[in-house]
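Below: one structure, written as structure tokens.
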Amino acid sequence: MSASIRWRVPLQVWLTLASLVLGVMMLTAVFSIAGWRAVTKGAERDAEQDKAMCELIRALTAGPAPAPGPAGDRGRALLPLMTAVRDSVCERDRVNREG
């Protein structure tokens, strides 16, 4: 004896479930778009900062040579480091501009 019970689900329950599913899908879409925009704006901001940093370091390293003697020791020590940073940042800036 197998008794088969058929449940009748009212239309309001189906509509409520459908609206909940639709609401969740819409929220997912909104959060996905917001996340994509944040990532895109962050990448643009990083590219602008790289360009500005490249120009700043280029201006600092293109100036006159450090003073002779002990007064220019720190400048002579920092110049190769700044040149290495400049090369790295300017290369990243160039790659960002190319795509």
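The values are calculated or read from the model by the stated rules, or taken from the named source; none is laboratory data. Predicted model, so just to flag it, every value in this text is computed and none were measured. Virtual Cβ from ideal backbone geometry, glycine too; neighbours counted across all protein chains shown.
Among the residues of region 54-77, write down those that are of a type outside the set (Gly, Ala, Ser) and under 30 Å from residue 42 (Cα atoms).
Scanning region 54-77 gives 54, 55, 56, 57, 58, 60, 61.
Let me spell it out: the conditions are (1) of a type in the set (D, E, K, R); (2) surrounded by 10 or more Cβ atoms within 10 Å (Cβ to Cβ); (3) part of a loop (DSSP other than H, G, I, E, B), and residue 6 meets all of them except one. Which number is the exception?
Among (1) of a type in the set (D, E, K, R); (2) surrounded by 10 or more Cβ atoms within 10 Å (Cβ to Cβ); (3) part of a loop (DSSP other than H, G, I, E, B), the lone unmet condition for residue 6 is (2).
Name every residue in region 48-66 that is of a type in the set (Gly, Ala, Ser) and either surrounded by fewer than 11 Cβ atoms within 10 Å (Cβ to Cβ) or at pLDDT below 85 (or both), in order of residue number.
Result: 59, 62, 63, 65.
List pairs: first in region 37-50 and closer than 20 Å to residue 89 by Cβ and of a type in the set (D, E, K, R), second assigned to a helix (DSSP H, G or I) and at pLDDT below 90, Cβ under 7 Å, 6+ apart or cross-chain?
Matching pairs, first to second residue: 50/89; 50/92; 50/93; 50/96.
Could you check region 51-99 and list, in sequence order, the residues that are free of Cβ contacts under 8 Å to residues at least 24 places away in the same chain, assigned to a helix (DSSP H, G or I) and among the hydrophobic types (A, V, I, L, M, F, W, C)?
Within region 51-99, 52, 56, 59, 60, 71, 77, 78, 79, 81, 84, 95 meet the criteria.
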